[in-house]
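The values are calculated or read from the model by the stated rules, or taken from the named source; none is laboratory data. None of the values given here were measured: they were computed from a predicted structure. Every residue, glycine among them, receives a Cβ derived from its backbone with ideal geometry; neighbour counts consider all protein chains shown.
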Number of protein chains: 2
Amino acid sequence: MQPEQFERFSDFMARLSAHDRDDLLHIAAQRNAAKGELIFQAGSPGNNVYFLESGRVKIYHLSLTGKEILLWFCVPGEVFGLAEACHSGGGRQVYAETCESSRVLSVRQEDFKTYLAAHPAAALLVNDVLACRLRSLGNVIQSLVASDVNERVAQLLVRLAANHGRRVPNGDVYLDIRLTHQEMANMIGTTRQSVTSALNALRRLGVLDFDDRHRLYIHSERLLDKTALHGAAATKRHTA
Amino acid sequence: MQPEQFERFSDFMARLSAHDRDDLLHIAAQRNAAKGELIFQAGSPGNNVYFLESGRVKIYHLSLTGKEILLWFCVPGEVFGLAEACHSGGGRQVYAETCESSRVLSVRQEDFKTYLAAHPAAALLVNDVLACRLRSLGNVIQSLVASDVNERVAQLLVRLAANHGRRVPNGDVYLDIRLTHQEMANMIGTTRQSVTSALNALRRLGVLDFDDRHRLYIHSERLLDKTALHGAAATKRHTA
DNA sequence: CCATTTCTGTCGGCCAGCCGACAATCAGCG
DNA sequence: CGCTGATTGTCGGCTGGCCGACAGAAATGG
C-alpha cells in the first residue's frame, strides 16, 4: 500500500467544477484568523460551513477532564464544520482551532443546503468527503481498539504520510506537518512519553528518521510493511 | 439529556418523501438473508448500497488479529454500505453481517448516484445520515480515548438506549436489542470480563437492572447523570 | 541577545485491566 | 428431555502503559 493510495481527505474546492466553485464563492464570507483562534467550539450552534483557503486548522473533541482529542487537521482547500451543518439537530460537538494564521471562507447552513440542492455534483462531492472521513474514523477506532501503543504510532504515521506526506528525492516521505509528541498522543489516545519512546524505537529500527528540528522522514516501504510493524512492537524495548 | 434527544441514526426510508421513495424502490433489488449471512465483506468492491427492510445487521471491522470491532447495528429503514459506495476509491473496509434472518434492498452504486443527482432532497438526507454517523464515531473515539472501562460501558448503554431503547410503562428504558457481553466489549474496546463486572457494578448502583434473560432495563435519568457515571467508576469494586 | 516557555528524552513506581482458568447457568436442538 | 455449545460470573496473577519527576534542548519573543 503506497501512501498515495491511502484514503485521502478530499480537496473539496479543487474537485468542484469551475462553475460550481464560482457559485459557492458567491455566497461565502471571508475571514482571517490568527494562530490559535477558535473558528467554532463545542456547544455553539453549527450554522456555518467553512472552507480553508490558507493555513492549518485542527479539529478536536474536548473530554470532560479537559483532554484534547485530535480528530484531524484541515489543509487548504478542505471543508470543515460539515457534519454539524449537514445534520439538522444539535450544535457543534468539536472545536476548530487554527494552528497558524489562516484564511477561511464561511457559508451559512441554509445557504449551503440551498446551494447543494441546486448543485447535485457538489452534493455528491460532500457525500464523498463525509464518506471518506467516516472510513478514516473507522480506521482510527480499529487502531485504538486492536493495537498497542507502538502499532498505533506506526499507523498514525501512515495516515499522516497519506494526508501530509511529500516524497523527497531519495525516496523517503517527508511529513509536511509540524506536530508535537503531545499532539500525536492526543490523536491515538496515549501519552506524550509513550509517543517519544515509540518514535525512537522506530528510528532505531531504521523505519524513519528525524533531523535536528524533529522533522520526520519515513522510509515508506518498511513502515507500510505490516510485518515490520509487528517487529517494531515485538522488539520494542529489548533493543539495546 | 434524554435518550430521545441523543443523536439517532436516521431512519432513511421513513424520511424520504413518498415520491422519492417510490423512485428508489424502482431501482432496488430485493434479497433475503439468513441469520449470520454476510451481505458484504472487507476487500470486496463496494458497488452497492443497501437498505434494511427487516431484521438486524451488524457492521464491523476485523483487525489483523481477527478481533471483531463492532461499529454499529442497523435497524429496519436504515441504509448501510453507504460510505464505500459514496467514496469512489477503494473497496469495502468493513463487514456487514445479519444478526437474524433479514430482508435487504440493494441498489447499484452508479444507479444510486444517478438517483441522488436527480433527487436533491435524498442527497441532502444522505448527507444528514453520514454526518450523523460521523459525529457518532467521533463520540466513540472520545469515549475510547478519555474514559475508563466503567464509563465506556455506561456511555455505550446511553448510545444503545438512544438507538434501540423503548420506554416501558414504569419509566425505564428497555433495550430492544440482544447483545452478548462479548459484543459490547467489541464495541468499546475491552474484554468480556470487564463488561460483565461493569454491568454488575451499575446494577448494584441501581442505575439499571436485567431480568432472568439478561434483558436490560435502564433507569435513564440516573444513567444519564454524569455525576452518577463518575460515581460508578469510583465506587467500582469497593461496593460490597 | 538573553529569558522564558515549550518540547523532547528517560526513569521508576504503580495500577487498570487483560488474560487464563474454571464453575454455573442458559439456549438451542436432535 | 437430556446433550452440547454458548454465555455469564468470578478470581488472581501479570504487565503495558500511565503518571510524576526531572534534565537538557530547542523554540519563542522581547
Exercise. Determine, yes or no, whether A:ARG167 is among the charged types (D, E, K, R), more than 16 Å from DNA strand D (Cβ to nearest atom) and more than 11 Å from every other protein chain (Cβ to nearest Cβ).
Key: yes
Quiz prompt | Hits in segment A:26-72 (condition: in a strand (DSSP E or B) and within 12 Å of another protein chain (Cβ to nearest Cβ)) | solution = A:VAL49, A:ILE59, A:TYR60, A:HIS61, A:LEU62, A:GLU68, A:ILE69, A:LEU70, A:LEU71, A:TRP72
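To keep it simple, each residue is scored yes or no on (1) more than 14 Å from chain B (Cβ to nearest Cβ); (2) of a type in the set (A, V, I, L, M); (3) under 30 Å from A:ILE27 (Cβ atoms); (4) in a helix (DSSP H, G or I).
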site: A:ARG135; (1), (2), (3), (4): no, no, yes, yes
site: A:VAL140; (1), (2), (3), (4): no, yes, no, yes
site: A:GLU151; (1), (2), (3), (4): no, no, no, yes
site: A:LEU157; (1), (2), (3), (4): yes, yes, no, yes
site: A:ILE177; (1), (2), (3), (4): yes, yes, no, no
site: A:GLU183; (1), (2), (3), (4): no, no, no, yes
site: A:THR190; (1), (2), (3), (4): no, no, no, no
site: A:ARG222; (1), (2), (3), (4): yes, no, no, yes
Exercise. Could you pull out the residue among B:ASP172, B:ASP148, B:ASP176 that is within 14 Å of DNA strand D (Cβ to nearest atom) and surrounded by fewer than 20 Cβ atoms within 10 Å (Cβ to Cβ)?
Key: B:ASP148
Practice problem: Could you tell me which of the residues A:ASN139, A:ASN186 is away from DNA strand D (no atom under 11 Å from the Cβ), surrounded by fewer than 21 Cβ atoms within 10 Å (Cβ to Cβ) and polar (S, T, N, Q)? | Solution: A:ASN139
Quiz item: Quick check: is even one residue across segment A:73-83 at pLDDT below 90 and within 14 Å of chain B (Cβ to nearest Cβ)?
Solution: yes
Exercise. Taking A:ALA117 as the residue in question, decide whether it is more than 16 Å from A:ALA185 (Cα to Cα) and at the interface with chain B (Cβ under 10 Å from one of its Cβ atoms).
Key: yes
Quiz item: Within the group A:GLY77, A:GLY91, which residue is out of contact with any Leu (no Cβ under 9 Å at 6 or more places or on another chain) and either crowded, with 17+ Cβ neighbours inside 10 Å or under 24 Å from B:ILE141 (Cβ atoms) (or both)?
Solution: A:GLY91
Quiz item: So which pairs qualify, if the first residue must be in segment A:189-207 and closer than 25 Å to B:ILE141 by Cα, the second must be of a type in the set (Gly, Ala, Ser) and near DNA strand D (Cβ under 9 Å from one of its atoms), the Cβ gap must be under 6 Å, and the two must be at least 6 apart or on different chains?
Solution: A:THR191/A:ALA185; A:ARG192/A:ALA185; A:VAL195/A:ALA185
Quiz item: Across segment B:75-103, what is the number of residues that are without any contact (Cβ under 8 Å) to a residue 24 or more places away in the chain and assigned to a strand (DSSP E or B)?
Solution: 0
